[in-house]
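Okay, structure first, notes after.
The values are calculated or read from the model by the stated rules, or taken from the named source; none is laboratory data. This one's a predicted model, so the numbers in the text were calculated from it and none came from an experiment. Positions of Cβ are backbone-derived with ideal geometry, glycine not excepted, and every protein chain shown enters the neighbour counts.
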Amino acid sequence: MEEDLEIAIKVVIVGNGAVGKSSMIQRYCKGIFTKDYKKTIGVDFLEKEIELDGEEIRLMLWDTAGQEEFDSITRAYYRGAQACVLAFSITDRASFEAIDSWKKKVEVEVGEIPMVLVQNKLDLIDEACVSEEDCELLAQRLKMELFKTSVKDNLNIDSVFEYLAETYLSHMRLQEEEISKQTSIGPGLLSGTSLNQYIGSRSDGYTNHVAQLNVTELVTVRENGKSSSSTHKINRGNGNSGKKKDKCLLL
């Protein structure tokens with residue numbers, strides 16, 4: 001019987017405090033918005049399942065604290081991240097100027113991963129202290145897609161995470177094609193060791209990230225006596241393979 005597999009993507013949302021990171025994932029996962037600001041202590045976690053290009057994708061969204069006193073805690077949670085949201089507020093110039101620093105912090109832990117730049121609080125455009133030109137120039141310099149969002153008005157929130165999922169999915173497929181071309185799989189299973197030996201010979205950031213994954217994230221599936229190997233996929237068993245509803249989980 002065909003296995004029901006989903007792709008799991010760990011996404012970290014980073015940026016200065018009070019730029020709307022927590023509100024963004026609350027809006028995306030739960031469809032709610034509150035004006036009350038509550039500082040994130042360490043990290044929060046939300047989860048949502050989507051379907052994209054015929055693939056079931058589980059987005060694991062890690063909301064990290066933006067204050068420096070939590071740096072040692074939040075950096076540990078960057079490890080294993082497969083995509084990143086760099087967020088700033090148009091009403092907070094310091095949050096805009098800190099984007100380079102946040103990008104470097106993430107890349108120190110995980111190397112190059114798909115990233116997106118988010119210009120938040122568009123509903124407060126009259127209070128903006130960051131110009132549209134500055135935002136566009138930053139996106140061009142960092143070679144990133146720029147999304148102009150408003151959590152309050154639910155503007156472009158879904159688009160941010162769908163773009164990251166699409167980008168990650170594209171890179172994952174390219175990696176799998178390269179691995180299949182350069183790795184010969186016999187009747188036995190492809191071991192994590194042999195896969196890591198191949199990956200370790202690569203220099204690009206995405207592949208280096210795969211090498212850092214836990215063994216449990218390299219799932220091998222047997223079907224009709226044949227063996228195959230998949231990266232970043234989670235075995236969901238042989239349960240109901242119908243379309244599932246979006247799911248949110250808060251820890």
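For the range 75-87, the condition holds for at least one residue, the condition being that it is surrounded by 17 or more Cβ atoms within 10 Å (Cβ to Cβ) and part of a helix (DSSP H, G or I). Comparison of VAL11, VAL19 shows that the only residue that is at pLDDT 95 or above, part of a loop (DSSP other than H, G, I, E, B) and among the hydrophobic types (A, V, I, L, M, F, W, C) is VAL19. Within the bounds of the range 111-126, is there any residue that is out of contact with any helix residue (DSSP H, G or I) (no Cβ under 9 Å at 6 or more places or on another chain), farther than 24 Å from GLN26 by Cα and assigned by TED's automatic domain parsing to the domain that holds GLY17? Yes: the range 111-126 contains one or more residues that are out of contact with any helix residue (DSSP H, G or I) (no Cβ under 9 Å at 6 or more places or on another chain), farther than 24 Å from GLN26 by Cα and assigned by TED's automatic domain parsing to the domain that holds GLY17. For the range 95-119, the set of residues classified as aliphatic (A, V, I, L, M) and more than 11 Å from LEU142 (Cβ to Cβ) consists of ALA98, VAL106, VAL108, VAL110, ILE113, VAL118, listed by residue number.
Listed by first and then second residue, the pairs linking a residue in the range 90-118 that is touching a residue at least 60 places away in the same chain (Cβ under 8 Å) to a residue that is basic (Lys, Arg) and assigned to a loop (DSSP other than H, G, I, E, B), with Cβ atoms under 9 Å apart and 6 or more places separating them unless they lie on different chains, are ASP92/LYS121; VAL110/ARG79. Do we find a residue being in contact with a strand residue (DSSP E or B) (Cβ under 7 Å, 6 or more places away or on another chain), over 26 Å from CYS29 (Cα atoms) and aliphatic (A, V, I, L, M) anywhere in the range 140-156? Yes.
For the range 108-122, which positions are under 13 Å from the mean Cα position of the chain (by Cα) and surrounded by fewer than 17 Cβ atoms within 10 Å (Cβ to Cβ)? Scanning the range 108-122 gives a single hit, GLU112. Restricting attention to the range 123-163, and to residues there that are in a helix (DSSP H, G or I) and farther than 25 Å from ALA94 by Cβ, which single residue is nearest to the chain's Cα centre (by Cα)? The selected residue is PHE161. The residues in the range 174-188 that are of a type outside the set (S, T, N, Q) and at pLDDT below 55 can be counted, and the count is 4.
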